[in-house]
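What follows is a set of notes on a single structure, which appears directly below.
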Amino acid sequence: MRKNDEEAVTPQPTVVLRGVQVFQGWLDRADQLAMLAQIRDVVQVAPLVQPVTPSGRKMSVQMTSAGKLGWITDRGGYRYETTHPNGTTWPEIPSTVRAVWDAVSGSSRGPDSCLINLYREAAKMGLHQDRNEADFSYPVVSISLGDDGLFRIGNMTRGGTTEKIWLKSGDVVVMGGDARLIFHGIDKTRLGSSTLLSGGGRLNLTMRVVT
Ligand code: MD6
Ligand code: FE
């Protein structure tokens, strides 16, 4: 079921891996361009920063957020904050991004936060759980834009076998239910595989209910 279909039925993912739902090609090129324009507006107000982990390691992705709360990492730990490190209030979650949540999350509550990650060059993200939120009964919904990213899916605890899938521009991932706390990460991106972002790279937008 594509987003433009009239009936408000629960859409079906194209792929399910260990309970992680992938809606491949959810956004067409025009949708992606419209979303990108709105993300540019967010980044004007809340610039991308290269964060450090609590242990002081520089992350390879650049980050910012939209919504009531933004996810932050620095020497003080992983947490949500009401303002950007520069002191500004986070911009609202763009309407095109929110519309994806409404379509696929199955949640009556809206997201408090949209984390924006930019992968340039050799950026990647190690296996992690999304667990800085208060209530894991709400899903996490992510949108991929730009270059392909190799998404790795593990288990509820560290270690064990993993599976992987290339996420392409316009793909949407939903991690909910028993898959909400599964370990996952991005091994690498395929540079130049998309022409969407000027300057290349991959954007991932992750929406969450936080409080
Ligand atoms: C990424 N995604 O695709 C990283 N987390 O760049 C995530 O960490 C993620 O895609 C929770 C749910 C969906 C995700
Ligand atoms: Fe995550």
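The values are calculated or read from the model by the stated rules, or taken from the named source; none is laboratory data. All values derive from a computational prediction rather than experimental measurement. We place every Cβ from the backbone using ideal geometry, glycine too, and count neighbours over all the protein chains shown. Accessible surface is based on the protein model in full, side chains and every heavy atom, while ligands, DNA and RNA are left aside. Shrake-Rupley method; radii C 1.70, N 1.55, O 1.52, S 1.80 Å.
Being of a type in the set (Asp, Glu) and open to solvent by less than 50 Å² (accessible area, probe 1.4 Å) is the filter here, so list the residues in the stretch 22-56 that pass it. Passing the criteria: only Asp31. The numbered conditions (1) open to solvent by less than 50 Å² (accessible area, probe 1.4 Å); (2) assigned to a loop (DSSP other than H, G, I, E, B); (3) closer than 26 Å to Glu81 by Cα; (4) not acidic (Asp, Glu) are all true for Leu203 except (2). Looking at Ala103 and the list (1) in a helix (DSSP H, G or I); (2) within 21 Å of Glu133 (Cα to Cα); (3) of a type outside the set (S, T, N, Q), which single condition is not satisfied? Against the list (1) in a helix (DSSP H, G or I); (2) within 21 Å of Glu133 (Cα to Cα); (3) of a type outside the set (S, T, N, Q), Ala103 comes up short only on (2).
To keep it simple, each residue is scored yes or no on (1) surrounded by 17 or more Cβ atoms within 10 Å (Cβ to Cβ); (2) at pLDDT below 95; (3) near ligand 1 (Cβ under 9 Å from one of its atoms); (4) at positive phi.
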{"residue": "Ser142", "(1), (2), (3), (4)": "yes, no, yes, no"}
{"residue": "Phe151", "(1), (2), (3), (4)": "yes, no, yes, no"}
{"residue": "Glu163", "(1), (2), (3), (4)": "no, no, no, no"}
{"residue": "Leu167", "(1), (2), (3), (4)": "yes, no, yes, no"}
{"residue": "Val174", "(1), (2), (3), (4)": "yes, no, yes, no"}
{"residue": "Phe183", "(1), (2), (3), (4)": "yes, no, no, no"}
{"residue": "Ile186", "(1), (2), (3), (4)": "yes, no, yes, no"}
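Quick grid of which residues meet (1) touching a residue at least 24 places away in the same chain (Cβ under 8 Å); (2) not aromatic (Phe, Trp, Tyr):
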| residue | (1), (2) |
| --- | --- |
| Ala37 | no, yes |
| Gln44 | no, yes |
| Gln50 | no, yes |
| Gly77 | no, yes |
| Glu92 | yes, yes |
| Thr96 | yes, yes |
| Arg109 | yes, yes |
| His128 | yes, yes |
| Phe151 | yes, no |
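Candidates Ile153, Ile143: the one that is within 16 Å of ligand 2 (Cβ to nearest atom) and out of contact with any Lys or Arg (no Cβ under 9 Å at 6 or more places or on another chain) is Ile143. Report, by residue number, each residue of the stretch 111-137 that is surrounded by 18 or more Cβ atoms within 10 Å (Cβ to Cβ), within 14 Å of ligand 2 (Cβ to nearest atom) and in a strand (DSSP E or B). Ser113, Cys114, Leu115, Ile116, Asn117, Tyr119, Met125 - these are the residues of the stretch 111-137 that are surrounded by 18 or more Cβ atoms within 10 Å (Cβ to Cβ), within 14 Å of ligand 2 (Cβ to nearest atom) and in a strand (DSSP E or B). Of the residues that sit in the stretch 130-140 and are of a type in the set (D, E, K, R) and in contact (Cβ under 8 Å) with a residue 60 or more places away in the chain, which one is nearest to ligand 1 (Cβ to nearest atom)? Step by step, filter the stretch 130-140, then rank; the result is Asp130.
Rundown of residues vs (1) assigned to a strand (DSSP E or B); (2) under 15 Å from the mean Cα position of the chain (by Cα), yes/no style:
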position	(1), (2)
Arg152	yes, yes
Trp166	yes, yes
Val173	yes, yes
Thr189	yes, yes
Gly192	no, no
Val210	no, yes
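Within 12 Å of ligand 1 (Cβ to nearest atom) and among the small types (Gly, Ala, Ser): is that true of Gly87 in this structure? So Gly87 fails the test. Of the candidates Tyr119, Tyr80, the single residue that is within 16 Å of ligand 1 (Cβ to nearest atom) and farther than 28 Å from Arg29 by Cα is Tyr80.
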